[in-house]
Amino acid sequence: MKKMLFLLLSFSAFSQNDQIVRGPYLQSMTSESVLIQWRTSSPQSSQVTLVTKGEKKTRVIADTNRVIDHIVKVSGLRPSKSYTYSISPKHQGSFHTKPKAGDPKSVRIWALGDFGYVSPNQKAVINAIKNYTVDKPIDAWIWLGDNAYNNGKEEEYQQHVFDVYQADFFPNLALYPSPGNHDYAGKHDATVPPYFKIFSMPTQGEAGGVASNSESYYSVDYGSLHLISIDTELRDAAGNQVMDGKGDQYDWLAKDLAANRLPFTIVYFHKPPYSKGSHNSDTESDMKNMREKVNPLFEKYNVDLVLAGHSHVYERTKPLRGHFGINDSFDEATQVVATEKAPNQYVD
Ligand SMILES: [Fe+2]
């Protein structure tokens, strides 16, 4: 009888191998856990086999529920540790767990925005990042929105994102995304975009920061970095977007920034406060409002770096303070500040 059961399980694992159509990909990476996700073309049970680097012992995490979208939580991990895993004989990956909050070791973050076109540029960037990181591996991957053109549909995420990055990146990189207007198909209702079904964000403060209780926005303590992912598209139940300077997301952002004690803070989102590229922040109200109503909060809490997408050019400002008006009101003499701040300014 026991022998029979073993044969059946083996058959199940083999058929799963033939039917994996997406993934594996890594979500909600913390210092102790990660979600390993993948999709099968028909309902299957889930199984992850995990090996800690330098150890022979394997761990198997299994779920007998038959599903198409698989999410296996691997917990009991140790910070800054390397692991390898497999979900089938042909589908493996490896990852480093997130360093503990405050770990001073330097980290390398790959920020990518407005990419899912299957364009020559997208392929050129893949080659560039692969060449650049040969001897300098990436620790984590953040997305600045408009991840899958043109409307963030399931098939667009498959063809323009998963099919493009699966071989080199998805199985091995902790990913902390943010959405853009194309992921929302130009709307503002978070119940619609496939983005929220495909990705699993750390909403309970499990990766650090204040619990957001929303997959739209969240924060992550990554070593000495406090990463904050903002959703510029979401409209909350009361009708507020973050750039209104009020509402659920804005209130959470203010609380999260106030609670942060890490030396470096990076905020990332889709619509930039300053741009004269393919979008104009003097005239487009969402960007204008980000600058007028959210930038003061960033400055109050000494955010070190703001990354945004949306405008399809490379632009960077000098370190700024107090420039909340249109381009012509910029005063370099008073609004450009020194590049350095006192380290650990907000460390107790
Ligand atoms: Fe955009």
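The values are calculated or read from the model by the stated rules, or taken from the named source; none is laboratory data. What you are looking at is a predicted structure, and each value in this text was computed from that prediction instead of being measured. Ideal geometry is used to build each Cβ from the backbone, glycine not excepted, and the neighbour counts take in all protein chains shown. SASA here: full protein model, heavy atoms, side chains in, ligands and nucleic acids out. Shrake-Rupley method; radii C 1.70, N 1.55, O 1.52, S 1.80 Å.
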List the number of the failed condition for residue 214; all other conditions in (1) surrounded by 23 or more Cβ atoms within 10 Å (Cβ to Cβ); (2) assigned to a loop (DSSP other than H, G, I, E, B) hold.
(1)
Specify which of the listed residues (284, 299, 292) is within 16 Å of the ligand (Cβ to nearest atom) and either at pLDDT 95 or above or open to solvent by less than 30 Å² (accessible area, probe 1.4 Å) (or both).
284
Scanning the range 158-181 residue by residue, those among the aromatic types (Phe, Trp, Tyr) and within 16 Å of the ligand (Cβ to nearest atom) turn out to be none
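Matching residues to (1) over 30 Å from residue 106 (Cβ atoms); (2) under 19 Å from the mean Cα position of the chain (by Cα):
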site: 232; (1), (2): no, yes
site: 239; (1), (2): yes, no
site: 245; (1), (2): yes, no
site: 263; (1), (2): no, no
site: 268; (1), (2): no, yes
Restricting attention to the range 174-200, and to residues there that are assigned to a loop (DSSP other than H, G, I, E, B) and open to solvent by less than 10 Å² (accessible area, probe 1.4 Å), which single residue is nearest to residue 235 (Cα to Cα)?
184
Going through the range 305-327 in order, the residues found to be without any contact (Cβ under 8 Å) to a residue 40 or more places away in the chain and either within 16 Å of the ligand (Cβ to nearest atom) or open to solvent by 80 Å² or more (accessible area, probe 1.4 Å) (or both) are 311, 313, 314, 316, 318, 321
Since residue 223 meets every condition but one in (1) within 16 Å of the ligand (Cβ to nearest atom); (2) touching a residue at least 60 places away in the same chain (Cβ under 8 Å); (3) not basic (Lys, Arg), which condition does it not meet?
(1)
